[in-house]
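Readers should treat all values here as calculations from the given coordinates under stated rules, not as data from a laboratory. Bear in mind the structure is a predicted one, so any value in this text is a computation, not a measurement. Note that each Cβ is placed from the backbone with ideal geometry, even for glycine, and that neighbours are counted across all protein chains shown.
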Amino acid sequence: MTDKKKKILVIAGARPNFMKIAPLLREFRKYKTRFRVNLVHTGQHYDSRMSDVFFRDLGMSMPDIYLGVGSGSQAVQTANLMTAFEKVLIKERPEWIVVVGDVNSTLACSLVASKLNVKVAHVEAGLRSFDRTMPEEINRVVTDSLSDALFVSEQSGLVNLKKEGVAKSKVFFTGNVMIDTLLYQMPKIEKSDILSNLKITPGEYGVLTLHRPGNVDEKKSLMEIHKIIRAITSRITLVYAMHPRTKKMIGEHGLNRFFSEIKNLITIEPLGYIDFIKLVKHSAFVLTDSGGIQEETTVLKIPCLTMRENTERPVTIKEGTNILVGRDPSKIIRAFGGILKGKNKRGKTPGFWDGQAARRIVKIMAGF
Ligand code: UD1
């Protein structure tokens, strides 16, 4: 008897991918008779704090296929991802691959699949920062141009894809899968004891995350960040969950002592999903250069200062709690002062950020 089920490979590689695939895998399981789904973990992120903890926190089973690709320069990492994934694809021959977000694994696997005539579904399509100095922007543009189904998380994505001439029939506004996970995990998040572990009080601390090459790779920008942290910590405690890339760069530039001497700065290892969201949910504000945290703070109604000149998620500025502050200390300190005085944006939750995005996506895929 031939297997009539559609074979699908869902791809994840780096930290921000795991919370996006969790609700998709849950939904695919509801269509057991229609789909045969396997999870491929490329191993772009491999530290237990950047990967394994998310599987535990999100209740996901271990990947069916692990590529173990690891780190490297942009070209080396992308090439290694492609070489490893091509072997899998030739063996597995799925009908579709599902990629999420904008990391190197997203781009590499899409490229391999489209050349082997395997259809690509891109979840979180259409986002554009219009800043080609960011590797993620190149990943977004190329992945979207190769995709056969584009699932969009906010209205700007529809506008961008239309301008780029993507056929309307391939584009679906389905909402934000990252918010599916946020809402689904809320009961567990509330139970995290990270605040008491760190001995901090709700509303009396800020959260800092930084990892963009543009912010952390050069000594000059790390010195500017140091100045900003000093100014903020003179008024409020700051909890800094340090990304491995930033830790490495601070070490390479000989700045370890410089950062460890700052009073009121609590530097910790990267947290798992549950603890991190609990930390954000009860913070006074977040200072970040992450993409996803701009969205999570918008839904949690926590003021977010984004240390970038642009964002591919404009709805978080138009409707949410996000403010772009770049790396200009005076701008950041002004915005931070406003937050302390309670003059922050209240914001509203964007359309379709309602916990049902994965349900919409999988239903559409079942109809293909
Ligand atoms: C990647 C994504 C970025 C995402 C971020 C979240 C790309 C181009 N970038 O950036 O969009 O926001 O993940 O974290 O895909 N490292 C470890 N352990 C790990 C992973 C990385 O120590 O498990 C260190 C390595 O020294 C590595 C560096 O971090 O060289 C950077 O890792 P990489 O995967 O190249 O990109 P990220 O900066 O993490």
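Brief remarks follow.
- Selection within region 271-294 - assigned to a helix (DSSP H, G or I) and either among the β-branched types (Val, Ile, Thr) or out of contact with any Cys (no Cβ under 9 Å at 6 or more places or on another chain) (or both): 273, 274, 275, 276, 277, 278, 279, 280, 281, 292, 293
- Residue 47, sole failed condition from (1) within 16 Å of the ligand (Cβ to nearest atom); (2) assigned to a helix (DSSP H, G or I); (3) farther than 21 Å from residue 356 by Cα: (2)
- Some residue of region 233-245 being away from the ligand (no atom under 16 Å from the Cβ) and out of contact with any strand residue (DSSP E or B) (no Cβ under 7 Å at 6 or more places or on another chain): yes
- Residue, nearest to residue 74 (Cα to Cα), within region 96-128, restricted to residues that are polar (S, T, N, Q) and within 16 Å of the ligand (Cβ to nearest atom): 104
- Selected residue [free of Cβ contacts under 8 Å to residues at least 40 places away in the same chain and outside any helix (DSSP H, G or I)] from 297, 267: 267
- Selection over region 315-331 of residues that are crowded, with 22+ Cβ neighbours inside 10 Å and not aliphatic (A, V, I, L, M) gives a count of 4.
- Restricting region 1-29 to residues that are more than 16 Å from the ligand (Cβ to nearest atom) and of a type in the set (Val, Ile, Thr) leaves a set whose member that is nearest to residue 117 (Cα to Cα) is 8.
- Region 61-78, subset crowded, with 18+ Cβ neighbours inside 10 Å and under 20 Å from the mean Cα position of the chain (by Cα), residue farthest from the ligand (Cβ to nearest atom): 63
- Scanning region 77-124 for residues that are under 16 Å from residue 138 (Cα atoms), out of contact with any Gly (no Cβ under 8 Å at 6 or more places or on another chain) and hydroxyl-bearing (Ser, Thr, Tyr) gives 78, 110.
- Given (1) within 12 Å of the ligand (Cβ to nearest atom); (2) crowded, with 24+ Cβ neighbours inside 10 Å, number of the condition residue 85 does not satisfy: (1)
Here's the yes/no breakdown for (1) free of Cβ contacts under 8 Å to residues at least 40 places away in the same chain; (2) in contact with a strand residue (DSSP E or B) (Cβ under 9 Å, 6 or more places away or on another chain); (3) of a type outside the set (A, V, I, L, M, F, W, C); (4) over 21 Å from residue 241 (Cα atoms):
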site	(1), (2), (3), (4)
14	no, no, no, no
21	no, yes, no, yes
38	no, yes, yes, yes
47	no, no, yes, no
60	no, yes, no, yes
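- In region 248-263 there is no residue that is touching a residue at least 12 places away in the same chain (Cβ under 8 Å) and under 20 Å from residue 51 (Cα atoms).
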